[in-house]
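Step one of this worksheet: look at the structure below.
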């Protein structure tokens, strides 16, 4: 299976965090065989240093391209589980799905992590094809989250561009008022209501009052 991703999102990246050089090298080779880029880190601390760098003031929100994290459960220093919890607290899991690498004894722990939001776990020794298949599915999930973030930002920009009168009309359209009653309540002509209504629909890229109401509900109650 080969992941088909929106090219506008950029090249996908797989982050590998494992304290064993041989494991990281093997994983990197395996991913290259599927034409996937990877970056390796020998510890959770090294990966968190990357997060600190990309999170510096003025940087664009990270990640910018489809990404996933292949993470060893047990490592010296900060464990994979602790790193996972920190990523969850930062709200990064939808954009950076986590696949745990685990030994047999850590399977119950990995299952519990999946229930808390990890994408999946793979038990060592793992099947190469099965692991990369899971990585590609994680990258597709990341791509969907990135597209959703893009849409939410576009929607926020569009809402910010509405004039005060357009917002008044929008509120009444969502409430189900016909144009005539909107005109009476706002003390403007029906034609002016029609113009403002059309501009709201155009700016927010909706075709109907129902679609507008659904969009605004999502704004107030984000998924």
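The values are calculated or read from the model by the stated rules, or taken from the named source; none is laboratory data. Please read all numbers here as calculations on a predicted model, not as lab measurements. For neighbour counting, all protein chains shown are included, and Cβ atoms are generated from backbone atoms with ideal geometry for every residue, glycine included.
Computed values, structure above
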quantity: Helices (runs of 4 or more DSSP H) wholly inside the range 1-104 that include at least 2 residues being in contact (Cβ under 8 Å) with a residue 40 or more places away in the chain and under 21 Å from residue 141 (Cβ atoms); calculated: 21-33, 80-89
quantity: Failed criterion for residue 143 (all others in (1) within 33 Å of the chain's Cα centre (by Cα); (2) crowded, with 17+ Cβ neighbours inside 10 Å; (3) without any contact (Cβ under 8 Å) to a residue 40 or more places away in the chain hold); calculated: (3)
quantity: Unique match (being assigned to a helix (DSSP H, G or I), without any contact (Cβ under 8 Å) to a residue 40 or more places away in the chain and under 30 Å from the mean Cα position of the chain (by Cα)) among 165, 171; calculated: 171
quantity: Which listed residue is more than 27 Å from residue 112 (Cβ to Cβ), under 20 Å from the mean Cα position of the chain (by Cα) and either modelled with pLDDT of 90 or more or not assigned by TED's automatic domain parsing to the domain that holds residue 141 (or both), from 37, 96, 69, 87; calculated: 37
quantity: Residue count, the range 178-218 (criterion: out of contact with any helix residue (DSSP H, G or I) (no Cβ under 7 Å at 6 or more places or on another chain), surrounded by 14 or more Cβ atoms within 10 Å (Cβ to Cβ) and part of a loop (DSSP other than H, G, I, E, B)); calculated: 1
quantity: Residue match in the range 148-167 (condition: modelled with pLDDT of 90 or more, within 30 Å of residue 36 (Cβ to Cβ) and either in contact with a helix residue (DSSP H, G or I) (Cβ under 7 Å, 6 or more places away or on another chain) or surrounded by 15 or more Cβ atoms within 10 Å (Cβ to Cβ) (or both)); calculated: no
quantity: Residues satisfying the stated conditions in the range 112-134, i.e. farther than 21 Å from residue 32 by Cα and surrounded by fewer than 14 Cβ atoms within 10 Å (Cβ to Cβ); calculated: 112, 115, 116
